[in-house]
Structures are given as C-alpha cells and as structure tokens.
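Read through the structure below, which is laid out as structure tokens, and then see the notes.
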Amino acid sequence: MDPATWELIGRNLWPMLRATVTMTIPLTAISFVIGLVLALLLALARISSIAPLSWLARVYISIIRGTPLLVQLFIVFYALPQLGLVIDPFPSAIIAFSLNVGGYAAEVIRAAILSIPKGQWEAAQTIGMGYPTTLRRVILPQAARTAVPPLSNTLISLVKDTSLASTILVTELLRVAQLAAAPTFDFFALYGVAAVYYWVLCLLLSSVQVRVETRLERYVAR
C-alpha cells in the first residue's frame with residue numbers, strides 16, 4: 001500500500017474505534033439482552049401446555065427463522081412508516097436485532113430446558129417449590145450451562161450482523177468505514193480495518209464464553 005493509504009488508515013483508526021465503542025457494542029449488547037428475555041418467554045411458551053400459546057410461539061419462531069435479517073430491518077425502518085410508525089435508525093436496529101435474536105435463541109433455551117431430567121422437576125415439587133421457583137433455582141441454572149455455547153455463537157453472529165445496520169443509516173463501524181472510503185474509493189484498506197475490529201471483538205467474546213462456561217460448571221448435575 002502507498003503512503004496515502006496508510007495515512008488514510010491512520011486518520012480513521014480512531015473514528016472507527018469510536019463507532020465500535022459507542023454504536024456497535026451498545027447495539028449488540030442491548031439487542032442481545034432484550035432478545036434473551038424475549039427468547040426465554042418464547043421458550044417457556046413453546047413448552048407450555050396451553051396449546052394456543054405454544055402455537056403462537058412456534059409461528060413467531062418460524063417467521064423469524066424463515067426470513068432474512070435484512071428484510072426484518074427494512075420492515076421496521078422503511079415499511080412501518082407507511083403505517084404511520086416512524087422509528088429512528090438506532091432504535092429500529094435494536095428492535096429488528098432483538099426480535100431476530102429472540103427467534104433464534106428461543107429454540108436454544110427450549111432445548112436446554114428440556115435437557116434437564118424430569119426427576120429434577122419432580123424433586124423440586126416434592127419439597128414444595130412452585131413452577132416459577134423451580135425454574136429460577138433449579139432448572140435455569142443447569143440449563144444455562146448447556147445453552148451458553150450456542151448462545152455465545154448467537155452473540156458472535158449478532159456482532160457481525162450489526163454491520164447490516166449501516167443499510168438503515170446507523171453510523172456504526174462499517175458505516176464509518178464506508179463514509180471514509182467513499183472519497184478515495186480505497187475500500188479494501190478501510191474494510192480490512194473494519195474486519196480486524198470485528199475479529200477482535202469476536203475473540204474477546206470467545207474468551208468471555210470460556211470463563212462463563214467454567215463458572216457454570218458448578219451447576220451441572222453429577
């Protein structure tokens with residue numbers, strides 16, 4: 001690369017890092033937390049004995065998993081205004097990403113809950129625990145250990161998927177790289193830097209995953 005390209009990279013290292021810290025990471029974190037709450041509710045609905053509730057959860061999951069995330073983003077940001085509901089770019093991205101995470105993570109959480117032996121439910125009921133208490137104190141801590149690896153993959157995918165928010169004008173990492181590269185058409189260098197930023201974020205999340213798995217080992221039934 002010529003000196004001008006290196007100078008361009010140097011000028012944009014900080015703006016891209018700032019966009020990562022102020023937009024990409026918050027967008028990922030907020031969407032993932034909201035998505036996990038939604039996923040837990042959907043998972044409990046799926047295993048519920050109430051048929052309509054289970055059916056609604058199944059339909060929702062099918063729609064989310066059967067449509068592209070980009071389409072979901074466009075529906076929230078571009079299509080809803082036609083119904084009179086105008087949402088700013090950042091909240092639109094959070095809504096779309098949260099709904100998407102909820103649909104995918106719900107099946108992960110459901111499978112993790114169903115992996116706990118029925119004897120654990122029965123033992124909790126024997127000592128007088130109700131359904132909510134059994135979930136909170138017995139089932140979910142053990143299910144979390146099983147769910148952490150696939151949920152971590154969902155989180156890592158979400159980090160990379162946040163790049164799609166640039167299509168609805170969210171000034172996150174990729175958007176900053178696009179704007180910086182546009183005047184000079186030096187897309188390779190700046191997109192390469194953006195790729196490194198995403199890669200480092202994913203490496204950090206992978207290391208956190210290992211630590212969380214180690215801490216949750218104590219909840220595994222022996």
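The values are calculated or read from the model by the stated rules, or taken from the named source; none is laboratory data. Source: prediction; values computed, not measured. Here the Cβ positions follow ideal geometry from the backbone for every residue, glycine too, while neighbour counts run over all protein chains shown.
Brief remarks follow.
- Out of 27, 56, 38, 42, sole residue that is farther than 28 Å from residue 179 by Cβ, at pLDDT 95 or above and in contact with a Ser or Thr (Cβ under 7 Å, 6 or more places away or on another chain): 38
- Within segment 117-134, the set of residues being of a type outside the set (Val, Ile, Thr) and without any contact (Cβ under 8 Å) to a residue 40 or more places away in the chain comprises 118, 119, 121, 122, 123, 124, 125, 128, 129, 130, 131, 132.
- Comparison of 29, 39 shows that the only residue that is among the small types (Gly, Ala, Ser), without any contact (Cβ under 8 Å) to a residue 60 or more places away in the chain and part of a helix (DSSP H, G or I) is 29.
- Any hit, segment 188-195, residues being over 25 Å from residue 94 (Cα atoms) and buried (at least 16 other Cβ atoms within 10 Å of the Cβ): yes
Yes/no per residue for (1) assigned to a helix (DSSP H, G or I); (2) under 17 Å from the mean Cα position of the chain (by Cα); (3) without any contact (Cβ under 8 Å) to a residue 40 or more places away in the chain:
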residue	(1), (2), (3)
7	yes, no, yes
10	yes, no, yes
35	yes, yes, no
71	yes, yes, yes
78	yes, no, no
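- Residue match in segment 17-33 (condition: of a type in the set (S, T, N, Q), under 23 Å from residue 93 (Cα atoms) and loosely packed, with under 14 Cβ neighbours inside 10 Å): yes
- Taking helices (runs of 4 or more DSSP H) as the structural unit, those lying wholly within segment 114-222 and holding at least 2 residues that are within 23 Å of the chain's Cα centre (by Cα) and closer than 19 Å to residue 26 by Cβ correspond to 140-161, 173-181, 187-216.
- Test: residue in segment 73-88 that is of a type outside the set (Val, Ile, Thr), modelled with pLDDT of 95 or more and buried (at least 19 other Cβ atoms within 10 Å of the Cβ): yes
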